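Before any comments, here is the structure.
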Amino acid sequence: SAVAMGLRSRMAQVVLYAFGPFFCYPWKPLLNAAMGCSYEIGYKHFRAQHKAPANVAWHSVCLVFQVLSNFCLLATIDGHLMESFGFRYKWFSLVTAAMWCLSLLSAPCRAGIKLLSACSVCCAYLGAPYVPSGLGLAWLELVSLLGLVIVWIFNALAGGAWRGRETVKFTLVWVLWVGLWYTLALHAGGKYANYSNWAFVAAPSVLILLASLKNPVKPVAVAGAFSTRAMGILTNQKALLFYSMAFSASIMQGTAHEISGEDATLLSETLTMEQDPDRKLAFELAHVTFFPNLLFQAVMESLTTNTRTKKA
């Protein structure tokens, strides 16, 4: 019935957003295979909001940040499973990487694009255990912030569109953001470590409630980035720190869209699908699951277009 279909879509939406829309887990490729739209439709919507070369380049920085922090979270979860249940291998990370790569490699796009995507996932899987988590992980966002600045410097030198006011504004916002968490970690890190179990329950519970809203994109991103990060620092829990990155990754992509002047895909496209929740969810699933492929295809097309323009 229509009610059952609506309930199914809402439950899948909660699973998608409560754990970070751009983070992958073993169930996400399966959910996309069952309920997502086609790769071609996903790319059509994606490319419409990712035409500016600088925006595409900044999303490449975002990809590095989110895939690496994604597997840092999975590696931390594996560590808890190995310690608590005696698991000998990091199965959670391995299964996620395998399922995600299988989904990316099966997409109907050029082989080089699929290989780049699979390599990015594998590199994050292999490198995650060596990423330090000190001082609230502010350094990870700081490196990404430097990537933002470098992209826009090259964009300006190349004669690209330069939205100076927005660039300065959001750069300062991110500097303050990094400074906030660095300061909190320095002066209050682990102060409430005895409440870590409560934090592990509270953080996902709040996000599950927000993810059930009709339009969960902004509420989940803001609440997840702030509350989960704060709880992770105050209780000194790496899992919560990396979990918060699932939501700051969304904000980081939003920043790229604000600076470039192109609408954020999850916001602009899904607003036109409010009367069809199944179609809305199908697009969202394809967008976040195929994101590495979609991005690398956009990069390739941008490079090809620029090369042809210069020759002409």
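The values are calculated or read from the model by the stated rules, or taken from the named source; none is laboratory data. Quick caveat: nothing in here was measured; it's all calculated off a predicted structure. Virtual Cβ from ideal backbone geometry, glycine too; neighbours counted across all protein chains shown. These accessible areas exclude ligands, DNA and RNA; they are computed on the full protein's heavy atoms, side chains included. Shrake-Rupley method; radii C 1.70, N 1.55, O 1.52, S 1.80 Å.
Residues are listed down the side, and each one gets a yes or a no for (1) touching a strand residue (DSSP E or B) at 6+ places or on another chain (Cβ under 9 Å); (2) open to solvent by 60 Å² or more (accessible area, probe 1.4 Å); (3) touching a residue at least 24 places away in the same chain (Cβ under 8 Å); (4) not aromatic (Phe, Trp, Tyr):
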position: Cys62; (1), (2), (3), (4): no, no, yes, yes
position: Asn70; (1), (2), (3), (4): no, no, yes, yes
position: Leu73; (1), (2), (3), (4): no, no, yes, yes
position: Met82; (1), (2), (3), (4): no, yes, no, yes
position: Ser93; (1), (2), (3), (4): no, no, yes, yes
position: Cys101; (1), (2), (3), (4): no, no, no, yes
position: Ala107; (1), (2), (3), (4): no, no, yes, yes
position: Arg110; (1), (2), (3), (4): no, yes, yes, yes
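Just one of the listed residues (Tyr25, Tyr39) is under 30 Å from Leu146 (Cβ atoms) and in contact (Cβ under 8 Å) with a residue 24 or more places away in the chain, namely Tyr25.
In the stretch 175-194, how many residues are in a helix (DSSP H, G or I) and touching a Ser or Thr at 6+ places or on another chain (Cβ under 6 Å)? Let's see the steps before the verdict.
Initial filter on the stretch 175-194 (in a helix (DSSP H, G or I)): 175-188, 193-194.
From what is left, the residues that are touching a Ser or Thr at 6+ places or on another chain (Cβ under 6 Å) are 193.
Total satisfying the criteria: 1.
In the stretch 202-226, what residues are closer than 26 Å to Trp58 by Cα, open to solvent by less than 60 Å² (accessible area, probe 1.4 Å) and either touching a Ser or Thr at 6+ places or on another chain (Cβ under 6 Å) or assigned to a helix (DSSP H, G or I) (or both)? Talk me through it step by step, then tell me what you get.
So the first thing to find is which residues in the stretch 202-226 are closer than 26 Å to Trp58 by Cα, and the list is 215-226.
Now drop any that are not open to solvent by less than 60 Å² (accessible area, probe 1.4 Å), which leaves 216-217, 219-221, 223-225.
If the condition is that a residue be closer than 26 Å to Trp58 by Cα, open to solvent by less than 60 Å² (accessible area, probe 1.4 Å) and either touching a Ser or Thr at 6+ places or on another chain (Cβ under 6 Å) or assigned to a helix (DSSP H, G or I) (or both), then Val217, Pro219, Val220, Ala221, Ala223, Gly224, Ala225 are the ones that fit.
Look at Thr96 and say whether it is touching a Lys or Arg at 6+ places or on another chain (Cβ under 6 Å) and assigned to a helix (DSSP H, G or I). No.
Go through the stretch 189-201 and report how many residues are farther than 23 Å from Ala12 by Cβ and open to solvent by 40 Å² or more (accessible area, probe 1.4 Å). Going through the stretch 189-201 one residue at a time, the tally reaches 9. Can you find a residue that is modelled with pLDDT under 85, out of contact with any Ser or Thr (no Cβ under 8 Å at 6 or more places or on another chain), surrounded by fewer than 24 Cβ atoms within 10 Å (Cβ to Cβ) and at positive phi anywhere in the stretch 253-273? So far as the stretch 253-273 goes, yes, one or more of its residues are modelled with pLDDT under 85, out of contact with any Ser or Thr (no Cβ under 8 Å at 6 or more places or on another chain), surrounded by fewer than 24 Cβ atoms within 10 Å (Cβ to Cβ) and at positive phi.
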